[in-house]
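Every number in this text was worked out from the coordinates using simple rules, so none of it is lab data. Bear in mind that the values here come from a model prediction, so they are computed numbers and not experimental data. Virtual Cβ from ideal backbone geometry, glycine too; neighbours counted across all protein chains shown.
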Amino acid sequence: MKARKLMLLCSAIALLGACKAENNLYKDLPFEMSEVQAPRIPSRSVNLCDFGGVPDGVTLNTQAFADAIDALVQKGGGVLEVPAGIWRTGPIGLQSKIELRVDKNAIIVFDPDQDLYPIIDTNFEGLDVRRCLSPIHAESAHDIAITGGGVIDGSGEFWREVKRRKVSDDQWKAIIAAAASSPKTARTGSRMRDMPRPALRQAA
């Protein structure tokens, strides 16, 4: 009994110390800053599979993500559970009071088809620009979280400019061959030539 009381006391002291350390982050700052609050999201949850999601790495799950998020929004928010598997998708639009919880054995892979990401008016590094919609985005939203131990793959290699001098001869030949065999890749690539690539996530 004494050992148990001692363990509880130690736990309470550790928790108190953690709280004090967190509060100390805001002391003696050279500027005014309000304390960052954790998102307030209802505990109710839905599973992506219940909205037609298929984690096979082939099926496009854009609509399943949208339907699951809309269902949660209609109930006041909650957690979208993304279970184990490979989830191929287009852009995901988060809304207020939504938590995207990606299982540690789950991978969200954003499809490289640039036609899935419409060009929008937005800002980039402080400048008004037109660019493709970000894979994960939200507009005028609050209380949003992305949690879990899973992987989110933005397929960045399909968006980056390739400079001839930075790749080997073999790599360059492979890139040219891939572009020649895929007219759509060549077409969408030219679409982005003079535009900044999208950020993986963006909130407006």
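Write down, largest first, the equivalent ellipsoid semi-axes of the stretch 39-87 in whole Å, where each equals the square root of 5 times an eigenvalue of the alpha-carbon gyration tensor. Present the calculation step by step, with values, prior to reporting the outcome.
Working: eigenvalues 88, 24, 11 Å².
In descending order the semi-axes read 21, 11, 7 Å.
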Problem - Computed label-point distance, nm, for sites ASP143 and LEU25 using a 7 Å Cα→Cβ extension - result: 2.1
Problem - Ordering of 47-53, 35-41 by burial proxy (mean other Cβ atoms within 10 Å per residue, highest first) - result: 47-53, 35-41
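Assuming 0.36 nm per residue, please report the length gained on full extension of the stretch ALA174 to VAL58 beyond their Cα-Cα distance. Mind dumping the intermediate values first?
On the way: separation 116, 0.36 × 116 = 41.76 nm, distance 2.34 nm.
Fully extending the segment from ALA174 to VAL58 adds 39.4 nm.
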Exercise for the section: Beta carbons within 10 angstrom, averaged per residue: use that to sort the peptides 121-131, 99-109, 145-155, highest first. Expected result: 99-109, 145-155, 121-131
Problem - Unit charges on C-beta of K, R, D, E only; dipole of the stretch 31-115, Debye - result: 320
Handout entry: Contact order relative to length of the stretch 80-158, as percent, for alpha carbon pairs under 8 angstrom and 6 or more apart
Key = 40
Exercise for the section: Mind checking which of GLN74, VAL167, GLY126 is farthest towards the positive end of the stretch 42-167's charge dipole, using Cβ charges of +1 (Lys, Arg) and -1 (Asp, Glu) about the Cα centre? Expected result: VAL167
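Fully extended, how many nm does the chain gain between LYS104 and VAL151 (0.36 nm per residue separation, minus their Cα-Cα distance)? Walk me through the intermediate numbers first.
Numbers: separation 47, 0.36 × 47 = 16.92 nm, distance 0.74 nm.
Using 0.36 nm per residue and subtracting the Cα-Cα distance, I get 16.2 nm.
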Completion exercise
For the stretch 74-123, shape from the Cα gyration tensor axes a ≥ b ≥ c, cut at a/c of 1.5 then a/b versus b/c, turns out oblate
